[in-house]
Structures are given as C-alpha cells and as structure tokens.
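One structure is given below, encoded as structure tokens.
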Amino acid sequence: MERTDTTALNKIQKFFSSKRTKLGFSFISLGYLWFLSWVAWLTFAYHFVYNNAAVVFLMYTFINVMFTIVMVYTRRQIITKIVTLALHLCVLVMLIYGFGNWFLILPPFLTAAVVFFASGVSESLKVVLGTIYLLLFVLAFLAYVTLQNLTIQIPFKMELNLREQPQVEIDYDEGLLDGGQPPFRLIAYVDPETKVTRTESFYIERTDLDKTMWNLKCERVFGGVKAGALKHGSEYVLKWVAPDKLWFDGRLIEIDEDGQIITGDNDDDFHETEILDEA
C-alpha cells in the first residue's frame, strides 16, 4: 500500500514538473491580465457601491491569491514573464483612479510585486523595470497629493470630493418607466471642507450602463455630463419633470438617449409652471 501511494505521488510530482504542464498553466496568467485590466477599467469608469464589502474583499483576495500561486508556479514560462511585466501598468491605473480604496488596490499590488521578483527574467531587467515602476508609483502618489491640496478634480472620477445623491423631486408619473428604474440619475460632488468657497458640482449619469454583480453595484461615472454647479449649503430646486428632463434651479435641461444635454434653456419661453403642466 505504501509503495502504491509513493508511485502515485511520483506521478503527480512528475506531472507538475513537466514543461508542458507548466506551459499549459501559464495561459492562466493571461486570464489574470484580462481580469486585472477589467478591474482597472471599472476603477477608472465606475463608482463602487458595496452591499457587503467584507465578502467582496475576501472573494477578491482569494482570486488574487490563486492567480499568484499559478504565476509563481509558471514563472519561467515566456507567457507568464510577459504578463508579469504588464501587471504593474494595470495596478498604476487602479492607484491613480482608486487612490484610498486600498482593499481594491493592495491584493493585485502584492500579486504584481511577488510575481515580478519571482519571475524568470534577468536580474538586470528586473532592476531597470523595477526602478521605472517605482518612479511611476511615486509620481502617481505625488500627483494625487498635489491634486488633493489644490482641490482639483480628477477627470471622470472626482474622488477628491464627496459623492452623494442630492434630494431630487419627481413630478412625472412613475408609471412612465414601466416598473423600471429612471434612465438617468443626478449626482453631486461636494468640495472638501478645506476649501474656502465650497461648491456642489452636479453631473447627470446614465443608469443603463451600470453593472450589478454579486454584493456589488458599479455605477457608471465615465461619460457623465455636468449639469451645473451651485454654492454648497444654498437653497435650490431640483426636479425631474420627465424621465429625460431635469429642472435645475430655474433652468430646464433635456437629455438625449446617450446621456448628452441637448437643451439647457434659460429663456423666458420656459417657465416652471408650463414645464410642470407638460409633464
């Protein structure tokens, strides 16, 4: 019985020591590059809303650990070597557009670091690329700190400001939506308290581009259109008078199906009473 077990163990060891086996497993690293590129895109273009952040973090960490094991196992394969050198660019995008969201950044950052130092590329190349990557990460950190001190908004993702959904009245018949959600939402980005004159910047976002996953909802930010800005704490009136028409503090804003503003009238022909009657 002991001899049989030893033979089976030797077969398993021989199977995983085979170059063909390692080459086959190295293709999994391409899947990780795709996965990390997808997460980087979500970080860039979406805002995350968690139903259960702890569960999402555990699953996300588990996925990164599994890919780390596979990539260390196949570290001397050419496919894994190439993927190893590209991972840091994905992490850099996540660092810039998701700075502060550490539970999203740290697992792939550690994975990229481990497989980079364990990879089969030459030591001289590791030194050169490691220096370049380190400089890029330092520059990204300095850029974020500078933007935070200047309270400049990062394009498409204004994580430096507080994102919140303002109080918006709905005057149209909700039956027009046939039980579905409104095609657009209004989001306010409030300046940090450190800014002397605080404003609220309002953006219109499409809801049909949102992604709903397990315990996670990704609200599309990229492509949002600015409706206007108002002084923080001031009184204003915001009303959806139709699924594609917003009454924005005395101004009618009409939106096309792509989420772009096609009218923003402030003429005497448009009065709040007439608009509400039409709705």
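State the dimensionless ratio Rg/Rh of region 2-150 (Rg: radius of gyration of Cα atoms; Rh: Kirkwood radius). Kindly include the intermediate steps, with their values, before the conclusion.
Working: Rg = 18.3 Å, Rh = 17.0 Å.
With Rh from the inverse mean 1/r over Cα pairs, Rg/Rh is 1.07.
Checked against a 32 Å cut-off, the cross-linked pairs LYS19/LYS217; LYS22/LYS126; LYS126/LYS217; LYS14/LYS81; LYS22/LYS211 give Cα-Cα distances beyond that limit for LYS19/LYS217; LYS126/LYS217; LYS22/LYS211. Considering only THR21, ALA113, ASN52, the residue lying farthest towards the positive end of the dipole of region 1-126 is THR21, judged by Cα position with unit charges set on Cβ. Within a straight-line Cα-Cα reach of under 20 Å, LYS226 can be paired with the following lysines, leaving aside sequence neighbours fewer than 8 residues apart in one chain: LYS157, LYS239, LYS245.
So what's the net charge close to THR199: Lys and Arg +1, Asp and Glu -1, counting the other residues with Cβ under 9 Å from its Cβ? Working shown, then result.
Details: positive: LYS195, ARG198, LYS231; negative: ASP191, GLU200.
Local charge sum for THR199: +1.
Calculated from the alpha-carbon coordinates, region 65-116 shows an Rg and a Dmax of 11.3, 34 Å respectively.
The tail of the calculated P(r) for region 1-71, taken as Cα-Cα distances beyond 14 Å, holds 74 percent of the pairs.
Can you give the local net charge around ARG20? Use residues other than it whose beta-carbon is closer than 14 angstrom to its beta-carbon, Lys and Arg +1, Asp and Glu -1. Mind dumping the intermediate values first?
Numbers: positive: LYS14, LYS19, LYS22, ARG76; negative: none.
My count for the surroundings of ARG20 gives +4.
A short reminder: the numbers here are calculations on the coordinates, not readings from a lab. Because the structure is a prediction, the values reported are computed rather than measured. A quick note on method: Cβ atoms are made from the backbone with ideal geometry, for glycine too, and the neighbour counts reach across all protein chains shown.
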